[in-house]
Amino acid sequence: MATNSIKLSFIFLLTIFITSKAILHDQLKETNMTLYFQDWSGGPNATVLQITGHQDHGLLSFAKFGSVFVTDDPITQAFDKNSAEIARAQGIYVTSALDGKISHVLISIIFTNNEYKGSTLEIQGASPQFERVREVAIVGGTGKFRLARGYATFETIHFDLAIHYVVIQCNVTILHY
């Protein structure tokens, strides 16, 4: 009798699990976006600051092991720095490889535009910072991106050393409910 009760309980739990998973799967959405990080590493309105490590002649030392940076970049809907701001990229970069080629990235994309206002995407991963295109994971999100997962690619598309200004194109593919 106890064995039949256990079997019946197992079948009941399995049915609930399969049904719940099917309901969630039907609601899964894919969202693709292209975002532009407006990154200023110098001057009075810098959006990236070096916290630890030694700067080289006033320049940030991204390639030195152990260097830590904090960022609060405006994110725009187009390449032009004067286009509408739709989010902020707030987080930390750590040069985590001895040879300086890998930066560990922890970034929250905090949306400020009407469509996604208050929603976030959480980005994390090892970024080969001197590669043309770098890929990291989207490990979570809030609001309209609750339970998000996916990936983001970063590509530096404009670099002006004289004014410490960089534009980074970020393409995201997100699965969320």
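Below, the figures for the structure above:
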{"read-out": "Tally of Lys pairs whose C-alpha atoms are under 28 Å apart, taken over the range 37-152, 8 or more apart or cross-chain", "value": "5"}
{"read-out": "Residue-normalised accessible area of the range 31-153, given per residue in Å² at a 1.4 Å probe", "value": "53 Å²"}
{"read-out": "Environment charge of A137, counting only residues whose C-beta is closer than 10 Å and scoring Lys/Arg +1, Asp/Glu -1", "value": "-1"}
{"read-out": "Nonlocal amide H pairs with S61, under 5 Å, H built at 1.01 Å", "value": "D56"}
{"read-out": "Positive-end extreme of charge dipole, the range 21-177 - chosen from S127, G100, L147 (charges on Cβ)", "value": "L147"}
{"read-out": "Accessible surface of H164 - all protein chains present, 1.4 Å probe, nearest 10 Å²", "value": "50 Å²"}
{"read-out": "The range 124-177 and the range 30-53: distance between their alpha carbon centers, rounded to Å", "value": "11 Å"}
{"read-out": "Of all accessible heavy-atom area on the range 80-160, the percent that carbon and sulfur account for (1.4 Å)", "value": "53 percent"}
{"read-out": "Environment charge of A46, counting only residues whose C-beta is closer than 13 Å and scoring Lys/Arg +1, Asp/Glu -1", "value": "-3"}
{"read-out": "Principal axis dimensions, the range 58-177 - Cα atoms, whole angstrom, descending", "value": "40, 30, 22"}
{"read-out": "Dipole-positive endmost among Q77, W40, Q50 within the range 33-111 (Cβ charges, Cα centre)", "value": "Q50"}
{"read-out": "Phi-based couplings in Hz for the range 170-177 (Karplus 6.51, -1.76, 1.60; Gly and Pro marked x)", "value": "10, 9, 10, 10, 10, 9, 7, 9"}
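The values are calculated or read from the model by the stated rules, or taken from the named source; none is laboratory data. Remember, predicted model here, so these are calculated numbers, not experimental data. Glycine also receives a Cβ, built like all others from the backbone with ideal geometry; neighbour counts cover every protein chain displayed. Accessible surface areas use protein heavy atoms only, side chains included; no ligands, DNA or RNA. Shrake-Rupley method; radii C 1.70, N 1.55, O 1.52, S 1.80 Å.
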